[in-house]
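Here it is, the structure, as C-alpha cells.
The values are calculated or read from the model by the stated rules, or taken from the named source; none is laboratory data. Predicted model, so just to flag it, every value in this text is computed and none were measured. Here the Cβ positions follow ideal geometry from the backbone for every residue, glycine too, while neighbour counts run over all protein chains shown.
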Amino acid sequence: MACFWSNQKETKIMIVSTKENNNVTFYSIVVSVGDFNWTVEHRYSEFYELHNQLVLDHGLPKDILPSKKVIRNKCPIFIETRRKGLEEYLQKTLVFLKRTMPKVFIDFLNFNFYDIFFLLQDLAPRLFKQSDVFLQKTSMFCMTTLELHALCEFLKKPLLDQTENSLDISPVLDTYSQLQYVTIRGASIPYLQSNIILNKLSFDFSAFKVLHTLILEHVSFENITSLGNLRDTVHKLQVNNTNVTSISQILQCDVIHKDNIEGSQKWKVLETLNLNNNNITEIDSTIRLAPKLSYLSLNDNKISTINNLSHLPNLSVLSLSNNLITVCTDLNMKVGNIRLLNLSQNNISTCKGFSKLYSLETLDLSSNKITNIEDIKFLGDLPCLENLLLTGNNVATTIDYRIRVLEYFGDKAKQICLDNEKPIQAELDKVSVLRALRIVKEGKTPDLKSTFTQ
C-alpha cells in the first residue's frame, strides 16, 4: 500500500492519455508512490476548480494552470498541448504543496483511497462522527483488508515527524476496540484503479477487543500475522470464498507449527463456524480447537469423509452439502448427538450409516445416489426424526415412493415431513393397509383397530 510521507522522492504524477466521453475530454492521471500506482480521471473544469481553491486557500501561484480555450478545444494538437500543460501543472503543484498536502489536493488525486496516512486521515473523523451507528448490536461494520493493513502499518511507523500533518487515530482504535459485528473483504484482483492487490497486504486483528461475529470473504489467511483476542471473544466465525484447503489454515492461521494443537490456541467461545465455499479437503483434527461448537457448515468444499467430530460434544447442526462424500459408516460414533444433518448433493448410495443417530431430527439426503427403497429401513427406527429429504435421488422415482418410504416409519408416519410435505390422510391410509398386509404375510395378526384409526 502506498505511503507518500515515506516515498516523497519516489512520487510521480503523469497524465498518460486522454479520452472523450459524451463530448467531454477526460485526462487520465497516473499517480506513482514507490511501487504502487493508481489512475484517476478528471476533466479540465475540475482542474480549474481545484486551482482556484488552491490559489485562494494555499497560496498556489495563479499563472501555472493552462488557460481556458473555447474555440477549437477539441483539436488533437490542442488536447495534446493541454495534456502536457496539465501534467506539468500537477507536478509543480505537488512540489509546492508537498509539506502540507491539503485535503482538496489529496482528494483530487485519490490519495485518500490508496495511501496509508491519508486513508486513515479520512477514516478517523468518519468513525468519530458515526461511532454510535457502527456500535449498535444490529449493525454490521464492513471494511476491506486495506483499512486493517493501513492501521497496522501506521502503528508500526506513525510518521509523527510530519508535524504539519499529524494524525490522531484514536477514533479508529477506539471504535475498532468496541466493534462486535464485522465483515472484512479481500480480493485477488487489483483494487479499484490501482495495482494494489488486497490479498498481498498483511494485517492483524489486534485492534478488535470484543468482537462477537466475524465474517471474512475472499481473504488470504497467509497474510494474517496475529488473531489478537479473537480466540477469546468470537462466537460466530464465517469464512467464505477463500483458497484454504484445511481448517487449520483458518483456526491456526497465526501459528507457525500447525501440527501442535495447544490449549492456548483454543477458540474458547466459538459456537458457530461457517466455512462454505472454500477448498477444504478434510475435517482435520484442528476442529477440536473449537470445543463449544454447536453449528458447523462446510458446504461447497471438497470433503470426502466425515472425521474428527467426536471431540465436539455440543455439535447439533452439521451441513456438508455439495462435497465428495460417498460412504457414511458408523456416523453415531463420529457426530454424537447431532440434530440436523445436511448431506445433500454428495454421492451417498446407502442410508445404513445413519441407523443409530438417535438424536437426529432433520436429515437432508437430497441429490445423492440412493436407489433402493429398502434402504429407508435404516431410518425407520430413528425416534426423533421428523424431516427427511430424498428428492433428487433415483429412489424418489419409485412407484408409490412416498407411501413406501412412510411405511418404514410405522406409527410415526404421520409425524414425518417427507421432502418438505406432511403426509395427507389418503397416504396414511395406504400406509396402514400396506403395514397390515406385511404383518399378515409374516404370519401375524394385525391390530386392525389401531391400524385404521391412527
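Test V210 against the stated conditions and say whether it is out of contact with any strand residue (DSSP E or B) (no Cβ under 8 Å at 6 or more places or on another chain), without any contact (Cβ under 8 Å) to a residue 60 or more places away in the chain, part of a loop (DSSP other than H, G, I, E, B) and β-branched (V, I, T). Show your work before the answer.
Numbers: out of contact with any strand residue (DSSP E or B) (no Cβ under 8 Å at 6 or more places or on another chain): yes; without any contact (Cβ under 8 Å) to a residue 60 or more places away in the chain: yes; part of a loop (DSSP other than H, G, I, E, B): yes; β-branched (V, I, T): yes.
Yes, satisfied.
Now for a separate question. Suppose we keep only residues that are modelled with pLDDT of 95 or more, within 25 Å of T326 (Cα to Cα) and among the polar types (S, T, N, Q) within region 250-285. Which one would you say is surrounded by the most Cβ atoms within 10 Å (Cβ to Cβ)?
Filtering region 250-285 for residues that are modelled with pLDDT of 95 or more, within 25 Å of T326 (Cα to Cα) and among the polar types (S, T, N, Q), the one surrounded by the most Cβ atoms within 10 Å (Cβ to Cβ) comes out as N278.
Identify, by number, the condition in (1) touching a strand residue (DSSP E or B) at 6+ places or on another chain (Cβ under 6 Å); (2) part of a loop (DSSP other than H, G, I, E, B) that G380 doesn't meet.
G380 satisfies every listed condition except (1).
Take the residues in region 348-358 that are in a loop (DSSP other than H, G, I, E, B) and out of contact with any Lys or Arg (no Cβ under 7 Å at 6 or more places or on another chain); name whichever of them is nearest to S285 (Cα to Cα). Write out each step before concluding.
We begin by selecting, within region 348-358, every residue in a loop (DSSP other than H, G, I, E, B); these are 348-351, 355-358.
Filter again for out of contact with any Lys or Arg (no Cβ under 7 Å at 6 or more places or on another chain), leaving 350-351, 355-358.
Values: T350: 26, C351: 26, S355: 25, K356: 24, L357: 22, Y358: 25 Å.
My answer is L357.
Being among the charged types (D, E, K, R) and surrounded by 13 or more Cβ atoms within 10 Å (Cβ to Cβ) narrows it down to one residue among K84, K92; which is it? Give the derivation first.
Details: K84 fails: surrounded by 13 or more Cβ atoms within 10 Å (Cβ to Cβ).
Residue meeting the stated conditions: K92.
If you don't mind, there's one more thing I want to ask. For region 310-342, what are the residues that are of a type outside the set (S, T, Y), assigned to a loop (DSSP other than H, G, I, E, B) and either under 22 Å from the mean Cα position of the chain (by Cα) or farther than 18 Å from S355 by Cβ (or both)?
Taking region 310-342 as the starting set, the residues that turn out to be of a type outside the set (S, T, Y) are 311-315, 317-318, 320, 322-325, 327-328, 330-342.
Restricting the remaining residues to those that are assigned to a loop (DSSP other than H, G, I, E, B) gives 311-315, 320, 322-325, 327-328, 330, 334-339.
Correct list: H311, L312, P313, N314, L315, L320, N322, N323, L324.
May I ask you to list pairs of residues, at least six apart or on different chains, whose Cβ atoms are under 6 Å apart, with the first in region 79-100 being closer than 17 Å to L56 by Cα and assigned by TED's automatic domain parsing to the domain that holds K19 and the second being assigned to a helix (DSSP H, G or I) and charged (D, E, K, R)?
T100/E164
Also: Please specify each residue of region 32-68 satisfying the condition of being surrounded by 12 or more Cβ atoms within 10 Å (Cβ to Cβ), without any contact (Cβ under 8 Å) to a residue 12 or more places away in the chain and of a type outside the set (A, V, I, L, M, F, W, C). Lay out the reasoning, then the answer.
First pass over region 32-68, keeping only residues surrounded by 12 or more Cβ atoms within 10 Å (Cβ to Cβ): 32-34, 36-44, 46-55, 58, 60-61, 64-66.
Right, trim to without any contact (Cβ under 8 Å) to a residue 12 or more places away in the chain and you get 49, 52, 55.
Listed by number, the residues that qualify are E49, N52.
Right, another one. Return yes or no: is I376 of a type outside the set (S, T, N, Q), farther than 30 Å from S220 by Cβ and in contact (Cβ under 8 Å) with a residue 12 or more places away in the chain? Before the answer, list the steps.
On the way: of a type outside the set (S, T, N, Q): yes; farther than 30 Å from S220 by Cβ: yes; in contact (Cβ under 8 Å) with a residue 12 or more places away in the chain: yes.
Yes: the conditions hold for I376.
OK, next. So, of the residues in region 24-50 that are among the charged types (D, E, K, R) and under 36 Å from the mean Cα position of the chain (by Cα), which turns out to be nearest to L60 (Cα to Cα)? Walk me through how you get there before you give the answer.
First pass over region 24-50, keeping only residues among the charged types (D, E, K, R): 35, 41, 43, 46, 49.
Next, from what is left, pick out any that are under 36 Å from the mean Cα position of the chain (by Cα): 35, 41.
Details: D35: 29, E41: 22 Å.
Result: E41.
Could you identify the single residue in D419, D375, D411, D400 that is at pLDDT below 95 and under 41 Å from the mean Cα position of the chain (by Cα)?
Working: D419 fails: at pLDDT below 95; D411 fails: under 41 Å from the mean Cα position of the chain (by Cα); D400 fails: under 41 Å from the mean Cα position of the chain (by Cα).
Every option except D375 fails the conditions.
Within the set of pairs 6 or more residues apart or between chains, which connect a residue that is farther than 16 Å from V104 by Cα inside region 116-134 to a residue that is of a type in the set (S, T, N, Q) with Cβ atoms less than 7 Å apart?
Filtered contacts from region 116-134: L127/T175; S131/T175; V133/S139; F134/T175.
Results for (1) at pLDDT 90 or above; (2) closer than 23 Å to L324 by Cα; (3) outside any loop (DSSP other than H, G, I, E, B); (4) in contact with a Ser or Thr (Cβ under 6 Å, 6 or more places away or on another chain), shown as yes or no for each residue.
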site: N346; (1), (2), (3), (4): yes, yes, no, no
site: L360; (1), (2), (3), (4): yes, yes, no, no
site: L363; (1), (2), (3), (4): yes, yes, yes, no
site: K369; (1), (2), (3), (4): yes, yes, no, yes
site: A436; (1), (2), (3), (4): no, no, yes, yes
site: I439; (1), (2), (3), (4): no, no, yes, no
site: T445; (1), (2), (3), (4): no, no, no, no
site: S450; (1), (2), (3), (4): no, no, yes, no
